[in-house]
Structure formats: structure tokens, C-alpha cells
Amino acid sequence: MYCSDGAERDEAKAEQAVEEKQITKTWEDHLNDVAQSQDRAAFEKLFYHFAPRVKAYLLKLGSDAGQAEDLMQEVMAQVWRKAKLYDDSKAGAATWIFTIARNLRIDAFRRDRRPEIDENDPALMPEPERPADQTLHAREVSNRLQDIVAQLPEEQKTVVVMSFYEDKAHAAIAEELGIPLGTVKSRLRLAMGKIKTVWGDAAGVTL
């Protein structure tokens, strides 16, 4: 009976470790999950994060609300269909997705026969792709940070994930967790202090 209980505890710990690793996955990881296994949960995370940002980008470029909504839907559909074409050694997930948005925006102008569009307009250009060695280094840094975050106390890890990975405002975190705003800020300060301590100064990364 004791062995059985111990095995169950070990299994529970293993499952928790897997869940913690999944919580801190990067957008590149989620995109690769879609590419490799058509992971719908991963795509859902990508959709809810990028869809409103893509729509805002299209509105900024001059699309009206209806066209921006239609193009955003097409962008995310292409993310699902073309995920296998994504290469994380060449571009980050955001650069790849916004490049799709830019190209669809240009195609829409061509269909509407609007010759005034300038394809070289800086506003239409995505961020320049980083060299492969920089992309690899950034991925290594990201993986290292994920491991460190996974070791934080649960209450600190929660606010770090919500703030930095889910891009939520401090006030929204406080409301969702039902805790004072000062508590959110205090937990973040403690978490960042521990991350810096574990990371050390040798990494050359500003946290």
C-alpha cells in the first residue's frame, strides 16, 4: 500500500512538472506544436494572443474594421494551415505571423485596385529577422528562464506567468486572483529577485 501511495505521488509530481513546463512554453513552441501535431490547444493560445494584435496592426495600416476582421481571420487560418512551413531558426513566431498579415494586406489592396499602396512603406515592413545565431541564443535564454520560473513558489510563478507570458496588466492579475494590487507587485518583485539570483550576472541579459 505504501509503495502504491509513493508511486501515485511520484506520478502526480511528474504530471505537475509537465504542466509547469507547458505553462511557460514560448509562442515558437506553440507554433511548432501546431505544425507537428495540429495541437488545437496550442493554436487556441496563439489565436487569443495574436488575433487582437493582428487586427490592431491591420487597422493601423488603414483597413476599416470589417476588412481588418476578415483579414485577421484569414491570417490565423493560414497560421493553422501553414504552420509546417514555420522555421524557428529563421524568425520568431510574431515576425512570421505579422509577415503573413502584411502580405495579405498587400494582396487585399491589389484586389481593390488601389495603386496608391507603397509596398516599401516602412509601416508595412515587419521587424527585421535576427541572424540565426541570435535566434538560437534567444531561444536558449528563453528555455533557461522557463526552467527558473518553474522553480519559483507557486504564488510567485503564477503572477510571473500571467504578467510576462500572458501579457496581463497588474490590475487585471489582481482582479483575476482576488488579491490586492500591492500583493501582485510584491510577488513580482520577489520573483524577479530570485530569478536574477539564480540567473547570475554572467548571462548578460537584462531582466
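Read-outs: derived from the displayed coordinates by stated rules, not from any lab. As the structure is a computational prediction, the values presented were derived from the model and not from experiment. Glycine also receives a Cβ, built like all others from the backbone with ideal geometry; neighbour counts cover every protein chain displayed.
Quick look at the numbers
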quantity	calculated
Integer Hz, Karplus 6.51/-1.76/1.60 couplings in order for region 91-101, x for Gly and Pro	7, x, 4, 4, 4, 5, 5, 6, 5, 4, 4
Summed side-chain charge close to residue 168 - residues other than residue 168 whose Cβ falls under 10 Å, Lys, Arg +1, Asp, Glu -1	-4
Radius 12 Å from Cβ of residue 191, net charge of other residues (Lys, Arg +1; Asp, Glu -1)	+4
Pairs beyond 24 Å (Cα-Cα), from 84/168; 60/185; 90/157; 60/157; 45/157	84/168; 60/185; 90/157; 60/157
Calculated Rg and Dmax of region 37-106 using C-alpha coordinates, Å	11.8, 36
Amide H within-cut-off set for residue 39, under 5 Å, with H built and near neighbours excluded	34
